[in-house]
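The values are calculated or read from the model by the stated rules, or taken from the named source; none is laboratory data. Treat the numbers as computed from the prediction; the structure is a model and nothing was measured. All Cβ positions, glycine included, derive from the backbone under ideal geometry; neighbour counts span all protein chains shown.
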Amino acid sequence: MNTQCTQIFRPIPAGIAMAVLYFLFAWGTYMLRKNTGFPPIFWVPNGIALSALLICGFGLWPWLLLTSLVFNVLRGFPLPAAAIVTAGHLAGPLLAAFLFRRMVGPKPRFDSLRTLLLFVAIMLSAGAMLSSGISILGFKVGAWMQWSGVVPEWAEFWLNESLGALLLVPPLLTFAHDKNAVTRFVRSIDSQALAVLVFSLLLTALCYTPLSQFHQSVLIRPSLFFLLIIWAAIRYGLLGSNMVLLIAGIGVTIGLGTGNIPVIAGRADHVLLQEAFVLILGVTGLVISATMREKNEALEARDTFFSLASHELKTPLTSLKLQTQLTQRQLGQGKLLDHCELNKRLAHTDRQVDRLTRLVDDMLDVSRISAGRVALRPERFELSQLVTEVVTRMTPLLQQAGCTVNWQPPAPIEGVWDRFRLDQLLVNLLSNAARYCGGKPVWVELERFENEVEIRVRDEGPGIDPEDQSRIFQRFERVAHDHADSGLGLGLFIVREVAELHGGSVRVQSQLGQGSTFFARFPLAKESPSSALS
Ligand code: ADP
């Protein structure tokens with residue numbers, strides 16, 4: 001059970017909530033199909049299961065198994081068939097959740113095109129394909145279906161389950177993991193949102209109800225939903241586009257139930273075609289909303305960069321200016337500065353110039369990284385010697401901050417890396433230790449694993465709240481904004497980029513008040529120079 005879920009629900013209520021929703025939607029869909037002939041094109045329980053596993057963790061699987069089994073038995077399947085269908089409904093979401101969390105991280109958010117495309121690919125391939133494949137086997141075993149024509153039936157199940165996931169997972173994960181996106185969505189609602197809603201409902205009525213028989217206009221076609229979903233995705237993001245998807249999906253269900261399906265009515269596979277249409281519509285909306293979000297965040301990052309940079313650059317400049325003015329005034333009054341005072345002022349100037357240099361270097365690096373212009377220059381060298389060099393160079397700074405440095409070089413570790421960038425990675429970690437952990441000891445460790453190497457920097461400083469740990473590696477993210485010596489929030493971002501450019505990763509282990517350990521792990525050899533990351 002992950003922390004996000006335990007913050008929202010206790011584990012057992014989470015299981016019960018998921019089970020109740022799963023059962024209600026499964027039963028509702030089943031009854032609607034059975035009693036009214038309306039074939040709901042979203043298999044919502046698949047979306048509920050996948051969302052619950054992604055938000056609350058894999059601990060919910062027994063609830064899922066039990067609920068699906070009860071549902072399949074109650075709808076009248078004999079036990080072997082119910083068990084097979086249940087296995088499908090469990091295996092698909094479990095595999096999809098496992099792959100998605102593995103590739104995107106423990107708290108997946110739909111904030112980039114990469115995440116979105118990974119979700120669509122996993123959900124369509126591993127997830128829905130597996131669950132619909134096993135489920136259709138259960139249906140056949142239960143002898144409700146003939147084996148002939150199994151492929152289109154399976155395709156229908158597959159699209160049905162995919163649509164359930166597509167409809168529910170992106171918005172539910174946004175609500176659980178991405179509060180900013182929800183706030184932005186709520187703030188963005190305006191009169192145009194009402195227009196999108198009204199046009200979507202109107203189009204549904206004109207295309208999928210008996211009204212479609214009264215107009216023969218070539219202009220009014222379900223393809224107009226693309227216009228509406230693009231409009232909603234651009235202005236209201238993922239949540240807006242999913243609203244149009246929901247309306248279109250309900251429209252298609254009504255149309256199939258009442259026989260009002262324009263254009264392709266009469267074809268034997270018209271349900272399949274309708275489901276495919278809604279799936280393409282939904283993916284289009286999500287792709288556009290993710291692309292817009294990336295673009296908007298890049299613009300916001302640029303604005304943040306300028307405002308932070310000008311604010312942070314001003315601090316050392318103002319301090320330098322004040323000191324220069326004071327010295328000028330004193331010299332103008334004929335006062336002579338003694339050796340000790342002069343030394344103090346020069347040390348102050350030196351510190352401010354160092355700070356300015358660090359800020360400018362970070363700014364240049366981050367703009368190079370963002371533009372994808374960081375090219376590694378791999379060469380073969382011995383890493384523990386480089387670490388010794390950096391530790392020796394940084395020791396005066398750490399000692400000035402009252403930190404003792406502990407470093408025991410291990411046996412030589414040879415590899416192929418970019419010497420300058422690894423130097424920079426360690427400098428950033430050590431200068432953070434000097435800035436945030438004054439008066440406390442710092443340990444630097446280097447360890448070789450089979451094909452990898454790990455650099456660890458451990459301190460006994462103030463530690464970092466677990467809530468903040470995932471964001472500190474992102475651009476401009478700072479925890480202690482008011483810390484006298486904090487920077488632009490770029491140091492750890494650069495550390496992460498350097499590790500990732502080497503094919504590795506970084507993480508932090510920390511508790512408030514108990515210090516922090518930063519881990520940078522990467523392969524022994526960076527085979528091909530990488531040049532683009534942003
Ligand atoms: P900055 O330039 O602001 O230090 P970083 O990206 O290097 O930016 O660090 C991000 C945030 O992480 C900092 O604002 C600081 O609060 C926190 N941090 C970094 N290193 C440590 C550490 N060793 N101990 C405690 N907090 C740290």
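Worth pointing out:
- Qualifying residue in region 153-161 (condition: at pLDDT below 85, surrounded by fewer than 22 Cβ atoms within 10 Å (Cβ to Cβ) and under 23 Å from PRO80 (Cβ atoms)): yes
- If you go through region 410-431 and keep only what is within 16 Å of the ligand (Cβ to nearest atom) and either under 23 Å from GLN511 (Cα atoms) or among the aliphatic types (A, V, I, L, M) (or both), you end up with LEU425, LEU426, VAL427, ASN428, LEU429, LEU430, SER431.
- On inspection, ARG221 passes the criterion of being assigned to a loop (DSSP other than H, G, I, E, B), touching a residue at least 12 places away in the same chain (Cβ under 8 Å) and over 30 Å from GLY92 (Cα atoms).
- Scanning region 452-470 for residues that are out of contact with any Phe, Trp or Tyr (no Cβ under 8 Å at 6 or more places or on another chain) and either hydrophobic (A, V, I, L, M, F, W, C) or not in a loop (DSSP other than H, G, I, E, B) (or both) returns ILE464, PRO466, GLU467, ASP468, GLN469.
- Hits in region 432-476 - residues which are within 12 Å of the ligand (Cβ to nearest atom), under 17 Å from VAL498 (Cα atoms), in contact with a Gly (Cβ under 7 Å, 6 or more places away or on another chain) and modelled with pLDDT of 90 or more: ASN432
- Some residue of region 383-395 being part of a loop (DSSP other than H, G, I, E, B) and either in contact (Cβ under 8 Å) with a residue 24 or more places away in the chain or over 23 Å from CYS437 (Cβ atoms) (or both): no
- Among the residues listed as ILE122, ILE134, the single one being among the aliphatic types (A, V, I, L, M), part of a helix (DSSP H, G or I) and surrounded by fewer than 22 Cβ atoms within 10 Å (Cβ to Cβ): ILE134
- Test result for ASP482, within 9 Å of the ligand (Cβ to nearest atom), surrounded by fewer than 18 Cβ atoms within 10 Å (Cβ to Cβ) and at pLDDT below 95: no
- Where ASP361 falls short, out of the listed (1) more than 16 Å from the ligand (Cβ to nearest atom); (2) assigned to a helix (DSSP H, G or I); (3) over 30 Å from ASN451 (Cβ atoms); (4) at pLDDT below 90: (1)
- THR115 meets each of the listed conditions (1) buried (at least 19 other Cβ atoms within 10 Å of the Cβ); (2) closer than 25 Å to VAL20 by Cβ apart from (2).
- Restricting region 308-356 to residues that are loosely packed, with under 11 Cβ neighbours inside 10 Å and under 42 Å from the mean Cα position of the chain (by Cα), the residue that is modelled with the highest pLDDT is ASP350.
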